[in-house]
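Please read the structure below before turning to the comments.
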Amino acid sequence: MTRTHFSEGQVLFSEGELSDSVFRLLSGFVEVVRELDGDPILLGTVGAGQFIGEMGVIENRRRSATVRAASEIEVEILTRSEFLHQIVLSPRAARELIQRLSERLREADDRIVNDERRTGRVQGSSTGANSLMLDLTVNSAYLAAQNPWLQHQLHTPIRVGDLPFVVGRGPVAGEEPPPLRPHLTLEDIAPFRLSRNHFVVEKCGGGYHVRDLCSTLGTIVNGEPIGDHFRGDDALLRAGGNEVIAGGVDSPFVFSVFVA
């Protein structure tokens with residue numbers, strides 16, 4: 001392995017490159033950026049102590065995003081063989097990797113169960129998602145627009161019950177229907193920040209969570225990015241007010257989620 005420094009603004013690796021190494025961030029912060037219709041979109045930041053690029057190495061897939069230094073940083077660079085060797089020899093590194101993979105598997109299992117539950121109940125109702133929500137007896141979370149731009153589409157807060165509540169973008173010509181039918185459909189213009197199925201608010205384990213639905217640009221919950229490019233897809237909401245941003249830093253899709 002090699003230790004090296006990067007200056008602010010330097011690129012560690014670029015979207016589309018071969019995944020031939022893994023970075024362990026020892027100090028500083030990096031930005032995760034993805035190109036959308038020729039424009040760079042900041043998805044979020046990652047801090048010291050985390051691996052960067054390990055999933056591409058494990059899956060033998062090209063980089064799905066660009067990572068650049070957001071400050072002066074120091075990293076360890078491990079080749080694919082060095083990374084796998086370290087996982088074998090270091091119980092701590094192996095535990096961290098297994099924990100992350102376990103979290104993703106659990107989230108995938110929960111997604112299947114919740115989607116089946118939601119689909120079954122929707123099929124049993126002829127009044128649609130909005131009427132289904134009104135029939136719920138547990139409504140202790142509220143979704144609202146946090147800025148004037150979004151308030152033009154989301155005029156009043158929406159109560160969220162104990163079923164998964166999906167937020168996504170409305171279709172454009174030629175698009176196939178999304179895997180899940182959104183409960184809240186919002187309009188966007190190209191380059192799209194909002195995915196057709198972007199995130200879901202759901203109640204599980206006695207609390208409310210936000211789960212990113214493999215969106216293109218990820219979701220930020222109370223300042224922490226979640227999604228395919230980050231350590232997990234799920235974030236627990238705290239009691240009181242929460243901020244949820246769909247579509248990366250500076251996206252106009254900024255929501256408030258209040259948990260009673």
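Brief remarks follow.
- Those GluC sites (Glu not before Pro) in segment 166-241 that DSSP places in a loop and that have at most 16 other beta carbons within 10 Å: E175, E187
- At R0 = 25 Å, FRET efficiency that the Cβ-Cβ distance of F192 and A48 yields, to 0.05: 0.20
- Qualifying chymotrypsin sites (Phe, Trp or Tyr not before Pro) for segment 1-91 [loop in DSSP, other Cβ within 10 Å: at most 13]: none
- Inter-part distance, segment 140-199 to segment 1-58, computed on C-alpha centroids, equals 29 Å.
- Cβ-defined net charge surrounding H152, 14 Å radius [Lys, Arg +1; Asp, Glu -1]: -2
- Placing dummy labels 7 Å off each Cα toward the beta-carbon, the span from R61 to I77 is 2.4 nm.
- In sequence order, segment 165-173 has phi-based couplings of 10, 8, 10, x, 8, x, x, 10, 4 Hz under the Karplus curve 6.51 cos²θ - 1.76 cosθ + 1.60, θ = phi - 60°, and Gly or Pro positions carry x.
Since every read-out is calculated from the coordinates, none of them should be taken as a lab result. If you're wondering where the values come from, they're calculated on a predicted model, not measured in any experiment. Cβ: placed from backbone, ideal geometry, glycine included. Neighbour counts: every protein chain shown.
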